[in-house]
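Have a look at the structure below, then the notes.
The values are calculated or read from the model by the stated rules, or taken from the named source; none is laboratory data. Since the structure is predicted, the reported quantities are computational estimates derived from the model, not experimental observations. Here the Cβ is made from the backbone with ideal geometry for all residues, glycine too, and neighbour counts use every protein chain on show.
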There are 2 protein chains.
Amino acid sequence: MKKNITIYDISKALGLSASSVSRALKDHPRISIKTKELVKKKAKELGYKPNQIAASLRTGASSIVGVIIPTIHHNFFSKVISGLEEVLAQNNLATIITQSHESLDKEKANLDVLLNTHVLGVIASISKQTQNLDHFKRLLNRNIPVIIFDRTTKNPITNSVVVDDFTGAYKATEHLIQNGYKRIAHFTVSFNLHIYQERMRGYRSALEDHGMAFDPDLVLEVNSDIEQGKMAAQKLIRLPDPPDAIFSSSDYSALGAMQFLKEKGIEVPGEFGIVGFSNETFTEHVTPSITTVDQKPLLMGKEIGLTFLGLIKREGDPFNPIIKKLVIEPDLLVRESSARKKNESPKKH
Amino acid sequence: MKKNITIYDISKALGLSASSVSRALKDHPRISIKTKELVKKKAKELGYKPNQIAASLRTGASSIVGVIIPTIHHNFFSKVISGLEEVLAQNNLATIITQSHESLDKEKANLDVLLNTHVLGVIASISKQTQNLDHFKRLLNRNIPVIIFDRTTKNPITNSVVVDDFTGAYKATEHLIQNGYKRIAHFTVSFNLHIYQERMRGYRSALEDHGMAFDPDLVLEVNSDIEQGKMAAQKLIRLPDPPDAIFSSSDYSALGAMQFLKEKGIEVPGEFGIVGFSNETFTEHVTPSITTVDQKPLLMGKEIGLTFLGLIKREGDPFNPIIKKLVIEPDLLVRESSARKKNESPKKH
DNA sequence: TAAATTTGTGCAATCGATGGCACCAATAAT
DNA sequence: ATTATTGGTGCCATCGATTGCACAAATTTA
């Protein structure tokens, strides 16, 4: 059970005071260059590792960043975290991960844990239940930086990094129109969450800009899973005037719909076009491969990290009331499921 | 900038000493029940939150668990973490995630960071470069519990939680044999890592138990990606005596191989059988769906958490030299890609 | 040359919780 | 009734790094 080396060990070895050692290690201007060199050399020699805990206790700030996400095992979130952790680690910041499991209560509880851990700041994507950002105000009041990413609310009370969902959805819908599809349905994951509202807005806008009517009957709230996608597709084709394409806010329900249509003998693409959202790994590998919107999660994670670093740098700055919003442009990945429609057949299924 | 409530605030409000408050909150036996109740009531009233940092500094142990994995955005790892975080969070432990990106140096650096953060313990899955567990001994010497999961070395120096790779591979290979495939190749991700050695051993054992010769020419080291899988499949069918099936230690290279064979007009299954490993999300959704081995990562994460909790409980126990190994039995998920071989054709491709 | 700065370092308090030891009061044992 | 034990609290040092303040020495300025 070896003891850790502290600044006192260094100070004794050098006949200096602990305060001088502390200052020397932090390049304090009032310490002479010779002393600094001496101290640093000795520190290396003894294998000194600063005790972050002690520093945190004294200064009130740690070198740990807290993250709250709905769940880690989602392609999008795990990639965001991956990029984020990489950037933070390069700057000697540790990343604590917590999951809300789509529960507002858990989200609040996690916030408590992070506060108790005295995190430097918090980076979060809200749960489906979360309607506002009030619980984050406690942090902001204490000057703890908060970044909300991807899933946020309409009125941001703090910095945010988001995907341009509107444009992503617009591009996806327009692409289907340009490939000859005439009646395009939409699966939304939740009418509540802002990101899905934005996607729906993009969908609607694309329709209207191309002189196509927005039909509320063609918009279904469908959970992000395969079974729900199948059921929703069934509903759609039973309509008196069924659609010939779907733009889905979820790749999972898009896949479900595609599987259902194939079982029914409806050709995808050709008779029916499908576009998803999120670029889940499987979309590239299923048959036909699914056209989808790539949110660039790895890039997003890195941008979040950079934004965060920017926030904590300006510690001396007494007022930083500027709420910034970083918007990442998503890419439409054109694959097979949305290929050009075959010669328009007026037949109904 | 509100101040935090401390035990001193409680002690003042109650006319007690801070030590009594501290003891009361921790149910120290020497504090009277009345006092305990008083203190706890007041604590709740004032909204007291213990400062973990201060406690850590004093006691030397935090309530943070460190995790080191190669990369988060892998289905397997993200699910393990998800399960692990859930269990730890239920026990008021925070989880710090770090990625080694398959580099031994980064792995060691992460270990440093975790040590500086004074984590309660470390849970790790080693990088491809890592040959031994020596760098973890620093922790063990300090009595910091370490659990290695999934990727570990042959001789464990500490507790571990692993999948029974041998049996998983054995089942997979046997399944191909039973479905009529006569000459089964194997893709291994790395000859170095123990888990892959175990899978190869399972593969070999199944062959030999069924009277089939092990042919080193049919074993290829193939990275876990689609392109490499394609190239490896090409190599195989060019052999003078090509195989009619592959058991791959990676779903990605299994998929690549499958895609290549389909392009070449070789039927999968029927002419050629394929089984992968890991149950990546896409395996279920591609055509044909890929038979694979499910490592039950969510369960594994939870088991790791439980094992960890067990380790830290026995803090008073002066000697716990028992190195435990928890082995999880994987499931073979039989899907389409390995279906029964069509009437044996003696033709070579 | 004296006074004013600047430079370099040390002292001691502080962050908040913890726990060994001491102490007094109440109860039990002799 | 006297001593031993147990119960209930308080005092104070401690964990290690940080930082305001003090102060001496070195340098600059008047």
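Data overview
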item	result
The lone exception for residue B:137 - which of (1) at pLDDT 90 or above; (2) in contact with a helix residue (DSSP H, G or I) (Cβ under 6 Å, 6 or more places away or on another chain) it fails	(2)
Residues of the range B:256-309 satisfying the condition of being modelled with pLDDT under 95, charged (D, E, K, R) and under 30 Å from residue B:88 (Cα atoms)	B:280
Residue tally, condition in contact with a strand residue (DSSP E or B) (Cβ under 9 Å, 6 or more places away or on another chain) and part of a loop (DSSP other than H, G, I, E, B), over the range B:177-213	9
Failed criterion for residue A:124 (all others in (1) within 14 Å of chain B (Cβ to nearest Cβ); (2) among the aliphatic types (A, V, I, L, M); (3) touching a residue at least 12 places away in the same chain (Cβ under 8 Å) hold)	(1)
Residue check, residue A:68 more than 14 Å from DNA strand C (Cβ to nearest atom), within 25 Å of residue B:297 (Cα to Cα) and touching a Ser or Thr at 6+ places or on another chain (Cβ under 8 Å)	yes
Inter-residue pairs, beta-carbon under 7 Å, first farther than 23 Å from residue B:309 by Cβ and in the range B:55-79, second within 16 Å of DNA strand D (Cβ to nearest atom), 6+ apart	B:57/A:53; B:57/A:54; B:57/A:57
Identity of the residue in the range B:26-62, part of a helix (DSSP H, G or I) and away from DNA strand D (no atom under 11 Å from the Cβ), that ends up surrounded by the fewest Cβ atoms within 10 Å (Cβ to Cβ)	B:44
Residue check, residue B:140 surrounded by fewer than 21 Cβ atoms within 10 Å (Cβ to Cβ), touching a Ser or Thr at 6+ places or on another chain (Cβ under 8 Å) and not in a loop (DSSP other than H, G, I, E, B)	yes
Complete set of residues in the range B:143-176 that are farther than 15 Å from residue B:327 by Cα and either assigned to a helix (DSSP H, G or I) or among the hydrophobic types (A, V, I, L, M, F, W, C) (or both)	B:144, B:146, B:157, B:170, B:171, B:172, B:173, B:174, B:175, B:176
Qualifying positions in the range A:127-137 - part of a helix (DSSP H, G or I) and either more than 14 Å from chain B (Cβ to nearest Cβ) or polar (S, T, N, Q) (or both)	A:134, A:135, A:136
Where residue B:144 falls short, out of the listed (1) within 16 Å of the chain's Cα centre (by Cα); (2) not assigned by TED's automatic domain parsing to the domain that holds residue B:242	(1)
Residue that is surrounded by the most Cβ atoms within 10 Å (Cβ to Cβ), among those in the range B:116-126 that are outside any loop (DSSP other than H, G, I, E, B) and modelled with pLDDT of 90 or more	B:124
First in the range A:195-214 and more than 16 Å from residue A:183 (Cβ to Cβ), second anywhere and among the aromatic types (Phe, Trp, Tyr), Cβ under 6 Å, 6 or more apart	A:198/A:166; A:201/A:166; A:202/A:166; A:202/A:170; A:205/A:170
Scan of the range A:248-294 for residues that are under 19 Å from residue A:196 (Cα atoms), away from chain B (no Cβ under 13 Å) and in a loop (DSSP other than H, G, I, E, B), ordered by number	A:249, A:250, A:277
Matching residues in the range B:12-23 - criterion: being in a helix (DSSP H, G or I) and either near DNA strand D (Cβ under 7 Å from one of its atoms) or of a type in the set (Val, Ile, Thr) (or both)	B:18, B:19, B:20, B:21, B:23
Counted residues, the range B:91-116 - those being among the acidic types (Asp, Glu) and facing another protein chain (nearest Cβ under 8 Å)	1
Positions within the range A:63-90 being outside any helix (DSSP H, G or I) and away from DNA strand D (no atom under 16 Å from the Cβ), in sequence order	A:65, A:66, A:67, A:68, A:69, A:70, A:71, A:72, A:73, A:74
